[in-house]
1. V268 passes all but one of (1) outside any loop (DSSP other than H, G, I, E, B); (2) modelled with pLDDT of 95 or more; which number fails?
2. Say we look at the stretch 337-385 and pick out the residues that are acidic (D, E) and modelled with pLDDT of 95 or more; which of these is nearest to T181 (Cα to Cα)?
3. Is it the case that the stretch 382-397 has a residue that's among the acidic types (D, E) and surrounded by fewer than 17 Cβ atoms within 10 Å (Cβ to Cβ)?
4. Taking V116, is it within 25 Å of the chain's Cα centre (by Cα) and modelled with pLDDT of 70 or more?
5. Could you tell me whether the stretch 446-453 includes any residue that is modelled with pLDDT of 85 or more and either surrounded by fewer than 20 Cβ atoms within 10 Å (Cβ to Cβ) or touching a Leu at 6+ places or on another chain (Cβ under 6 Å) (or both)?
6. Look at K420 and say whether it is among the charged types (D, E, K, R), in a loop (DSSP other than H, G, I, E, B) and either in contact (Cβ under 8 Å) with a residue 60 or more places away in the chain or surrounded by fewer than 19 Cβ atoms within 10 Å (Cβ to Cβ) (or both).
7. Have a look at S102, S151 and point out the one that is in a helix (DSSP H, G or I) and without any contact (Cβ under 8 Å) to a residue 40 or more places away in the chain.
8. Of the residues in the stretch 154-186, how many are farther than 22 Å from A340 by Cα and either assigned to a helix (DSSP H, G or I) or touching a Pro at 6+ places or on another chain (Cβ under 7 Å) (or both)?
Amino acid sequence: MDQFKKSKIKTNRKFVFIATTLGLTLFISGTVFNICQGKFNQKVSAAEQKDENVPLLPAGFKDVMEKSFLQGSDWPDKLTLDNKQIKVEYTFNDPLTAYAKSLLKQYRSDYTTVAVIDNETGKVLVAIGYEGKTNSFDKNLILSTTHPSASLIKIVTTAELLQNSQVKKETLFDFRGRSTTLFKYQLNETHGNRWDKSQTFETAFAKSNNVIFGKAAIKNTTSDGIVKMAEGFGFNQPLLKEFGFLKSEIKQAKDNYELAELASGYNVDTVISPIHAAALASVVANDGILKTPKLISKLVDVKSGENIWPEVISEKRAITIETSKEMQEMMAMTIDGGTARKSFRRMNNGYRDALEIGGKTGSITGGTPFGKRDWFTAFAVPREKTKGKGISISVMNVNVKRWHVKSSMLAKNIIEYYYKNINPVALNSINNDSKRTPSESRQLKRRRHHRRKRHA
C-alpha cells in the first residue's frame, strides 16, 4: 500500500512538471507572437501612413504662428523664433488666388471662403476668406472650424456604407415626405404606402436625400462606424501639420434619430474647416488616399538661407480603391443630374468632356458667423493622365439676409480658369472613344444623356 502511494505521488509530480513546462512554453510563445505581431502591425501602419519621414516643425513654431494669426488678417511672411528671423513661404498659386479674389469682390456675398488643393501634392493653392460688408479678406475665416458641415458629411457616410455594409450604388430605398427634411415619422418603415417614393442610393447622394441617408445609416451601420470612418478622413485631429488648432469635429450619436442626423448632416454639431472640405473631395479623387493639405512650402532661416522644414508629402489611406471608384461615379452624378447640375450646365462642354468632375453640395443655417451656409466641394481631374491628378475645391457662402451667388457656380468658374490658364487641358484630347476606360465611357454617356434630356 505504501509502495502504491509513493508511486502515485511520483506520477502526480511528473504530471505537474509536464503541465507546468507546457504552460510556460505556450505563455512564452504567445508573448513572443504578440510582440512580433505588434511590431508587424506597427510596420504595416507606418507603411500605410507614410508619415515616419515627415520632419518635425521647429520647437515653438506652432505657438508663434497661432499667435500671429490671432493678431492680424494677413498671412505672416516673417516670424521670430529663438531670436532667429524665419521667412515663411506659402504654397499659394498667385494667379489663381487673384482670380478667385476678383470673383468674390464681384458678387460680394456676406461671407465666402475658397480653398483649392492640388490632389497630387496636397499643396493648398488658394485659401481665401472674404467679408462682403467690409469688402475685405480675412484668413481666419478659411482656417476656422466653426462651420457646420451639412450634407458634405454624406461623403463620409457613403464611404462607410459602401465599404462596410451591404449597401451598393444601386440599392433601392423608399422614403416619404420631402427629401430635404428629416422628421422622425419619415424614418419609420412603411409597406405599400401610396405616398412612398423610391430612389437608388446613388440618386439619393446626387440629390442629397436626408431621409434615405438617415434610414440607410440606422439599418446598416452605427454611430461608431461613421465616426471612425470620419476620423480616417481627418476628423477629430489636427488636419494640417502647421496648425494644431485646425481640427474638424464629429460626435457620437445617442440614439437612432441622432444617428440619422449625423449620417445626413442634418445637425450643427459636426463642424469642418473649408480647407478640410476640399480635402474630402481630394480623398475620393486620389483613389482613397488622404494627402495632408500643406499651407507652408518652406521655412527659411533668413541669416543662413537654410530651409529648416523640407517639403515632404504626408499621406494615409482613408478608404479602399474600390470604394473610391464607386464614389467618383456617385459624385459625378451630382454634377450631371443632381444638386449642382444647374451651375455646371453652363460649363463649356469641352471642359466637361476633358475633365472628370464630381462634387457634393450642402446647406444649413447655423455656425459662426451665423447664417445660411451654402457649401460645395468637388474634384476636377484631367482625363489625360499626363496632366496629373488635378485639383479639389471647396466654396462656402454664408448668406445672412439674401443669396448673392451659388457656391457651385463660383467653383465652376474657378475650375475653368485653372484648366484654361494654370494647367491647360486640350479640349479635344479625349474625343477618341478608344482611349477611354469603361468607367469614363459610362460617365460620358450619362452626361450626354442628361444634356439631351435638358435641351429636349
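The values are calculated or read from the model by the stated rules, or taken from the named source; none is laboratory data. What you see is a predicted model; the values in this text were computed from it and never measured. Positions of Cβ are backbone-derived with ideal geometry, glycine not excepted, and every protein chain shown enters the neighbour counts.
1. Only one criterion is unmet by V268, namely (1).
2. This residue is D374.
3. yes
4. Criteria met by V116.
5. Keep residues of the stretch 446-453 that are modelled with pLDDT of 85 or more, which gives none.
Checked the stretch 446-453: no residue is modelled with pLDDT of 85 or more and either surrounded by fewer than 20 Cβ atoms within 10 Å (Cβ to Cβ) or touching a Leu at 6+ places or on another chain (Cβ under 6 Å) (or both).
6. no
7. Details: S151 fails: without any contact (Cβ under 8 Å) to a residue 40 or more places away in the chain.
When all the criteria are applied, what remains is S102.
8. 8
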